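Please treat every number below as a calculation from the coordinates, not as lab data. All figures in this text were calculated on a predicted structure; none of them were measured in a lab. All Cβ positions, glycine included, derive from the backbone under ideal geometry; neighbour counts span all protein chains shown.
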Amino acid sequence: MSVSDAVVAITTRLEREEPSVAEAAAAIRRRIEGSLQVAIAGRVKAGKSTLLNAMVGERLAPTDAGECTRIVSWYRKGTSYQVSARLVDGTERPLAFKRQDGALDVELGDLSGRQVRWLDVRWPASTLDTITLIDTPGIASLNDENSRRTREFLDPDEGAGGDADAVIYLMRHVHAADVAFLEAFMDRSVAASSPVNAVGVLSRADEIGAGRLDAIESAGRIARRYAADPQIRGLCASVTPLAGLLAETGLTLREDEVANLRTLAAAGPDVLERMLLSTDEFCDVSSSDLTVELRRELLSRLGMFGVRVSLQELAAGANTAATLGPKLVARSGLSELRRLIAEHFMPRSRILKARTAVQALRSLAATMRSTHPDAAVKLDREVEQLEAGAVEFARMRGAHLVTTGEARVADREREELERLLLAGTPAAAMGLAAGAPEEEIKRKALEGVARWRDRAADPLADPAVVEVFETAARSCEAFYVGN
Ligand SMILES: Nc1nc2c(ncn2[C@@H]2O[C@H](COP(=O)(O)OP(=O)(O)O)[C@@H](O)[C@H]2O)c(=O)[nH]1
Ligand SMILES: [Mg+2]
């Protein structure tokens, strides 16, 4: 039985036998059958909402300022367009919304942001088919209101939800404070507690190097350096650079904006060269026939780098929204982030959801302890058995120990173990190409069982390392028998 089946078996039993928690158990069951919930976390202004829009391909999340940017918001697949607010008092209220230049504008009406626990946006976008995205206000400092809301959301012990299965963590320029902060906040938050379910994004990558055309390449080098930093490796599995704004705008580019870019381009290369030096030069009235207001609009949609890239692509012939948009997306780094999500989260979606469910079952048992002690003990025992029996959980724990450095192994072995314990498919775990023949996987797996078992027998090895080697052997065994 897979772990998700095992979770469903437990919740079904509770629904049948324990009326007091039947509803909560049903909610856990529905969660495990639903889509993967991915939270977007990081500091205020890191570009979280912009990235969410790029991932959805529509401007749903409000960026910059405004009351709604300070509220945790869920974006999930719906059969129609619907927005509602879940209030602090537990009730739900439908909200009015409109779209302005493609951007969703939710009206809180007479509600104040403080009364709202979270916003629920249901949207019929195919990008939300398998993944629900959660936009968080972000952390600015440990005691401000946004940070409290974000932490409350990410940390189930603090009450509200705590419902993310995985996290995309945005960092702008990682300086020491960022990392210290990230650690403080990851320690306490379940969803983000481990590199097994977190990926990092070096955001606003186009701003690195003052918007020069090689900005993304420089950002890529910095991202690789971060990814190799042991401290960051302990927090997220990899770091990829992204110019979220370029992706968002590329996917939502309008014909009138391209027309404005064409007007701009008519100024000629010498004038343009000067205009692109700074925002002041760009907005200098005499430089172009385009109104200053429209120039500012282009800057806010594209950034200086995006304007530069657009002019270059216009000159090369991409002069409609349908041709220029995809060029911008291609330069943004979005496809690499999509690949990361497809490889790091999606194949493991069921186990990541099971992990969240197990945590939910544990807290359910805790709430039952005073009123239904026997039932609580029974539930605790079931969850324990499930955790101990599932090789998937052991792999996740092993991966956590290796990537965080809690189990110290040689670099070469670490890479192999990370692959073995984190990969989504048996072939990938064995270091083989997708579609490798069954016998080849079995042969490698069998060789792995012997080798890792041998390593685990080292009498001088640290207990965490022994656990990792044993788990590696156990995973190889599971791959050998075809699990
Ligand atoms: N140049 C540039 N600006 C960005 C990028 N992503 C976001 N921004 C801008 O940074 C500001 C904050 O972005 P937002 O997505 O609201 O950040 P959040 O607070 O993390 O949700 C907005 O003005 C965005 O237009 C990016 O990739 N490049
Ligand atoms: Mg935001």
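Taking 20 °C and 1.002 mPa s as conditions, the stretch 349-480 diffuses translationally at an estimated 133 µm²/s according to Stokes-Einstein applied to its Kirkwood radius (Cα pairs). Here Lys444 is the anchor, and the aspartates and glutamates within straight C-alpha reach of less than 20 Å, apart from those fewer than 8 places off in the same chain, are Glu392, Glu413, Glu415, Glu416, Glu418, Asp454, Glu470, Glu477.
Rounded to the nearest 20 debye, the dipole magnitude of the chain is 420 debye, with +1 charges on Lys and Arg beta carbons, -1 on Asp and Glu beta carbons, and the Cα centre as origin.
Charge tally for Val3 (other residues, Cβ to Cβ under 12 Å; Lys, Arg +1; Asp, Glu -1): +2.
Could you line up Glu293, Glu33 from fewest to most neighbouring Cβ atoms inside 10 Å?
Values: Glu293 8, Glu33 11.
In increasing order of surrounding Cβ atoms, one gets Glu293, Glu33.
Just subtract the alpha-carbon distance of Arg419 and Arg13 from 0.36 nm times their residue separation and send over the number in nm, one decimal.
Residue separation times 0.36 nm, minus the Cα-Cα distance, leaves 142.6 nm.
Quick one: check the C-alpha center-to-center distance for the stretch 273-330 versus the stretch 411-477, whole angstrom. Here the answer is 51 Å between Cα centres. Taking the Cα centre of the stretch 247-330 as origin and assigning +1 to Lys and Arg Cβ atoms and -1 to Asp and Glu Cβ atoms, the resulting dipole is close to 220 debye. Listed by chain and number, the aspartates and glutamates placed with their C-alpha closer than 16 angstrom to that of Lys48 are Glu58, Asp64, Glu67, Asp135, Asp178, Asp206, Glu207, Glu248; residues fewer than eight positions away on the same chain are left out.
Entry for the stretch 77-132 at q = 0.13, 0.21, 0.26 Å⁻¹: log10 I(q)/I(0) = -0.36, -0.85, -1.08, Debye formula applied to identical alpha-carbon scatterers, no solvent contribution.
Computed from phi, the 3J(HN,Hα) profile of the stretch 294-307 under the Karplus parametrisation 6.51, -1.76, 1.60 (θ = phi - 60°) reads 5, 5, 4, 4, 4, 5, 6, 7, 10, x, 4, 4, x, 5 Hz, with x in place of Gly and Pro.
Long-range amide H contacts for Arg331: which residues qualify at under 5 Å (H placed 1.01 Å from N, peptide plane, sequence gap of 5 or more or a different chain)? So Arg331 has HN proximity to no qualifying residue. With distances taken between every two different alpha-carbon atoms, the chain has a Kirkwood hydrodynamic radius of 24.4 Å.
With a ≥ b ≥ c taken as the square roots of the eigenvalues of the C-alpha gyration tensor of the stretch 284-411, please select rounded if a/c is under 1.5 and otherwise prolate if a/b is larger than b/c or oblate if it is not? Verdict is prolate for the stretch 284-411.
Each of Ser349, Ser2, Ser288 was scored by other Cβ atoms within 10 Å of its Cβ. Listed from fewest to most, they are Ser2, Ser349, Ser288. What is the sum of charges, Lys and Arg at +1 and Asp and Glu at -1, for the other residues whose Cβ falls under 15 Å from the Cβ of Leu253? Within the 15 Å Cβ shell, the charges total -2. Secondary structure note: in the chain, about 40% of the DSSP beta bridges are antiparallel. Taking the helices alone, the chain has a mean residue ellipticity at 222 nm of -16500 deg cm²/dmol, built from -39,500 (n - 2.57) per DSSP H run of at least 4 residues and averaged over all its residues.
For the chain, the longest principal axis of the C-alpha atoms and the axis of helix 215-228 are separated by about 20°. Which one, Pro62, Ser349, Ser288, projects farthest toward the positive side of the charge dipole computed for the chain from Cβ point charges (K/R +1, D/E -1)? Value computed over the given set: Ser349.
For the stretch 247-330, the alpha carbon convex hull comes to 77 Å³ per residue, rounded to a whole number. A simple packing score, the average count of other Cβ atoms within 10 Å per residue, orders the peptides 380-392, 39-51 as 39-51, 380-392, with the highest score first.
Figure legend: label point modelled 7 angstrom from the Cα of Arg296 along Cα→Cβ; residues of the stretch 93-120 with amide N under 20 Å from it are 100-103.
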